[in-house]
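S.K.: What follows is a structure written as structure tokens; I'll ask about it next.
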Amino acid sequence: MKKIALFVDVQNIYYTCRQAYGKQFNYRKLWQHLGYEGDIVQATAYAIHRGDDGQLKFQDALKHIGFAVKLKPFIQRSDGSAKGDWDVGITIDIMEAAGEVDTIILLSGDGDFDLLMQKIQQKHGVETQVYGVPSLTAKSLIDSVNQFHEIDYSLLL
């Protein structure tokens with residue numbers, strides 16, 4: 001059975017699903033689907049910690065499904081903009097996992113991950129997949145992976 005490592009850019013998935021469909025992503029359904037494809041040996045969701053009840057319930061739900069949840073504090077800058085970006089953390093974790101598994105699956109539409117996905121294919125021969133909202137996923141990211149999966153209504157709540 002193939003070993004799968006799953007990485008979720010929670011903010012990206014939340015906002016792209018909301019923008020494109022007005023709905024939330026169904027993590028449980030994805031987990032069930034991937035369970036048929038192999039053994040999920042690592043699953044990490046990267047989120048921003050704002051401390052509100054709805055968010056805490058969501059994080060608990062992710063943990064219940066089987067995700068490790070990594071949190072970064074939400075930082076409001078003096079100019080009103082916010083900071084809370086997991087790109088480097090996700091990159092490090094994917095690079096560390098790539099030598100241990102058969103398949104790396106990333107949920108994100110962020111084109112910044114394209115070089116990473118190319119690199120781990122070349123270096124480790126690992127299969128790479130991305131799940132993203134088609135209209136909001138960078139073409140460079142889609143082109144960088146073995147398989148792109150559209151997030152459509154079948155994967156939404």
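The values are calculated or read from the model by the stated rules, or taken from the named source; none is laboratory data. Note that this is a predicted model, so its numbers are computed, not measured. Glycine gets a Cβ as well: all are built from the backbone with ideal geometry, and neighbour counts include every protein chain shown. To get the accessible areas, we keep the full protein, side chains included, count just its heavy atoms, and leave off ligands, DNA and RNA. Shrake-Rupley method; radii C 1.70, N 1.55, O 1.52, S 1.80 Å.
S.K.: Considering every residue within region 84-99, establish whether at least one is open to solvent by 70 Å² or more (accessible area, probe 1.4 Å), modelled with pLDDT under 95 and over 23 Å from residue 4 (Cβ atoms).
M.R.: Among the residues of region 84-99, at least one is open to solvent by 70 Å² or more (accessible area, probe 1.4 Å), modelled with pLDDT under 95 and over 23 Å from residue 4 (Cβ atoms), which makes the answer yes.
S.K.: Keeping to region 144-157, report how many residues are among the polar types (S, T, N, Q) and either crowded, with 19+ Cβ neighbours inside 10 Å or touching a residue at least 60 places away in the same chain (Cβ under 8 Å) (or both).
M.R.: Keep residues of region 144-157 that are among the polar types (S, T, N, Q), which gives 144, 146-147, 154.
From what is left, the residues that are either crowded, with 19+ Cβ neighbours inside 10 Å or touching a residue at least 60 places away in the same chain (Cβ under 8 Å) (or both) are 144, 154.
Here the count works out to 2.
S.K.: Next question. Kindly indicate whether residue 62 is open to solvent by less than 80 Å² (accessible area, probe 1.4 Å) and under 22 Å from residue 156 (Cα atoms). Outline the logic, then answer.
M.R.: Details: open to solvent by less than 80 Å² (accessible area, probe 1.4 Å): yes; under 22 Å from residue 156 (Cα atoms): yes.
For residue 62, the condition - open to solvent by less than 80 Å² (accessible area, probe 1.4 Å) and under 22 Å from residue 156 (Cα atoms) - is met.
S.K.: Go through region 1-21 and report how many residues are of a type in the set (A, V, I, L, M), farther than 21 Å from residue 137 by Cα and either open to solvent by 20 Å² or more (accessible area, probe 1.4 Å) or in contact with a Pro (Cβ under 8 Å, 6 or more places away or on another chain) (or both).
M.R.: In the first step, residues of region 1-21 are kept if they are of a type in the set (A, V, I, L, M); the result is 1, 4-6, 8, 10, 13, 20.
Cutting the leftovers down to farther than 21 Å from residue 137 by Cα gives us 1, 4.
Now narrow it down to the ones that are either open to solvent by 20 Å² or more (accessible area, probe 1.4 Å) or in contact with a Pro (Cβ under 8 Å, 6 or more places away or on another chain) (or both): 1.
Number of matching residues: 1.
S.K.: Also, I was wondering about something else. Residues that are closer than 21 Å to residue 145 by Cβ: list the strands (runs of 3 or more DSSP E) wholly contained in region 1-102 that include at least 1 such residues. First the steps, then the outcome.
M.R.: On the way: elements: 3-9, 39-49, 68-73.
Of the strands (runs of 3 or more DSSP E) lying wholly inside region 1-102, those with at least 1 residues that are closer than 21 Å to residue 145 by Cβ span 3-9, 39-49.
S.K.: Out of all the residues in region 22-35, which are of a type outside the set (S, T, N, Q) and buried (at least 16 other Cβ atoms within 10 Å of the Cβ)?
M.R.: If the condition is that a residue be of a type outside the set (S, T, N, Q) and buried (at least 16 other Cβ atoms within 10 Å of the Cβ), then 25, 27, 30, 31, 34 are the ones that fit.
S.K.: Can you name every residue in region 112-143 that is open to solvent by less than 20 Å² (accessible area, probe 1.4 Å) and either within 14 Å of the chain's Cα centre (by Cα) or under 15 Å from residue 9 (Cβ atoms) (or both)?
M.R.: Quick first cut of region 112-143, residues open to solvent by less than 20 Å² (accessible area, probe 1.4 Å) only: 113, 116-117, 120, 126, 128-133, 137, 141.
Scanning region 112-143 gives 113, 116, 117, 128, 129, 130, 131, 132, 133, 137, 141.
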